[in-house]
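Since every read-out is calculated from the coordinates, none of them should be taken as a lab result. Worth saying up front: this structure is predicted, and the values here are computed from it rather than measured. Ideal geometry is used to build each Cβ from the backbone, glycine not excepted, and the neighbour counts take in all protein chains shown.
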Amino acid sequence: MLKILVTGGAGYIGSQTALHLLDEGYEVVILDNMMNGHEDVIPNEALFENQDLCDIDGLEQVFDKHDISAVIHFAAGPSIVSEKAEALPSYYENNLKGTLNLFEVMRKKNVKNIVFSSTAAVYGIPDSTPITEEMDKNPINVYGYVKYMTEKILADYNRSGLINYVALRYFNACGADSDGRTGELHNPETHLIPLVLQTALKKRDKIYIFGDDYDTEDGTCIRDYVHTEDLARAHVYALKKLFEGKLTAEAINLGSGEGYSVRSIINEAKKITKVDFAVEVTERREGDPDVLIASSAKAKELLDWQPEHDLESIIKTAWNWHKSLE
Ligand code: UFG
């Protein structure tokens, strides 16, 4: 049985992917330093290593202990980074140093294949939409920049014949496991859908819309929301293509190709939760482009992947998850 190392497997998308790998008959070793991970979402059937990627000797021991066939790399420090001077060094340390250690240990142990968790934030503010993989990469925050740097490092490792990779650039990851086994647990929470659902649960007084004067039909920002179960499936498809040697160095968008405005998310959530919560329009948030929608043509062509969950299913599964946390 193939054993897959899932770094960051105690996180939101990592745990969902670990569950899917197990369903598909892989053995799973979750590696997580539990800085942002949650014990409750680690699948019982997975092996678990409480290990920091920054500790290269410990990391090497994990590879010695398990016969790892491939890696799926989610662990990359916090997905929200304060760009304050004092926070930056530790962000680079956690993100980049840990990732470099991982690639180095893979090289040493001759583990060739990796699926890397990247982001649509690599594009920054695009000139046009839908966003294709070839478009300019001008990240506007450290998070996007480090992900893009990591893609470039992977490309270098690939050119040297050391690593084959697929970098998956997610758009807005959302939803929860259909069987309620895992879901979103960020702290602090900053993402739209969980905040909306927490408002429906009366954990917040109101939901703020960050600006309604954008260049969109209802004036609120449009994003491409994609369910974590669909993302998880794409990781396993990518892994199979790497094992078959059909992909060796690719960056692929994962989005639905459809956009929803902030207002339409709120309206759909009101319909599903049957709660009429308060909504207030406030100032724009810095760095929010009007519209971010993926071109999903490459994912369809190379991975034969397309999302199965629609917005209703995204919000329903997320709602069940948030209610279960009560
Ligand atoms: N928004 C609100 N009110 C809130 C929270 C969000 O109006 O309380 C709006 C935002 O302004 C944005 C939209 O809802 O227009 C979605 O915001 P999120 O914070 O949920 O997600 P982002 O689109 O900002 O970012 C997400 C991920 C990033 C990733 C990016 C890639 O969080 O990690 O998608 O497109 F890089």
- Ranked by Cβ crowding within 10 angstrom, fewest neighbours first, how are 143, 165, 92 ordered? 92, 143, 165
- Task: Kindly put 35, 1, 106 in sequence by how many other C-beta atoms sit within 10 Å of each C-beta, fewest to most.
- Result: 1, 35, 106
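In nm, what is the difference between 0.36 nm times the number of residues separating residue 300 and residue 65 and their Cα-Cα distance? Write down the numbers at each step before the final one.
Details: separation 235, 0.36 × 235 = 84.60 nm, distance 3.66 nm.
Stretched out fully, the residue 300 to residue 65 stretch lengthens by 80.9 nm.
Give the order of 192, 31, 231 when sorted by the count of other beta carbons within 10 angstrom, beginning with the fewest. Walk me through the numbers before you get to the answer.
Details: 192 21, 31 30, 231 25.
Neighbour counts put them in this order, fewest first: 192, 231, 31.
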- Item | DSSP-defined beta bridges in the chain - what % are antiparallel, rounded to 5 | 5 percent
- Message: Under 5 Å between amide hydrogens, which residues at least 5 positions from residue 254 or on another chain qualify, with H placed 1.01 Å from N in the peptide plane?
- Response: 169, 170, 171
- Please identify which residues in segment 55-75 have an amide N closer than 20 Å to a label point set 7 Å out from the Cα of residue 34, following the Cα→Cβ vector. 55-63, 74-75
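Between residue 100 and residue 2, what length in nm is gained on full extension when 0.36 nm per residue of separation is reduced by their alpha carbon distance? Don't skip to the end; give the middle numbers.
Details: separation 98, 0.36 × 98 = 35.28 nm, distance 2.38 nm.
Gain in length upon complete extension: 32.9 nm.
List the trypsin sites (Lys or Arg not before Pro) within segment 219-263 that fall in a DSSP loop (any state other than H, G, I, E or B) and whose Cβ has at most 15 other Cβ atoms within 10 Å. Don't skip to the answer; put the middle values down first.
Details: sites: 223, 233, 240, 241, 246, 263; in loops: 246.
Answer in residue order: 246.
Report the local net charge at residue 158: Lys and Arg +1, Asp and Glu -1, summed over other residues whose C-beta lies under 12 Å from its C-beta.
On the way: positive: 107, 112, 152, 159; negative: 151, 156, 250.
Neighbour charge sum, excluding residue 158 itself: +1.
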- Just going by the charge dipole of segment 136-179, with Lys and Arg at +1 and Asp and Glu at -1 on Cβ, which of 143, 155, 170 is farthest out on the positive end? 155
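Tell me, in nm to one decimal, what length is gained between residue 125 and residue 201 on full extension, where the rule is 0.36 nm per residue of separation less the Cα-Cα distance? Provide the component values of the computation, followed by the final result.
Numbers: separation 76, 0.36 × 76 = 27.36 nm, distance 3.34 nm.
Stretched fully, the residue 125-residue 201 segment lengthens by 24.0 nm.
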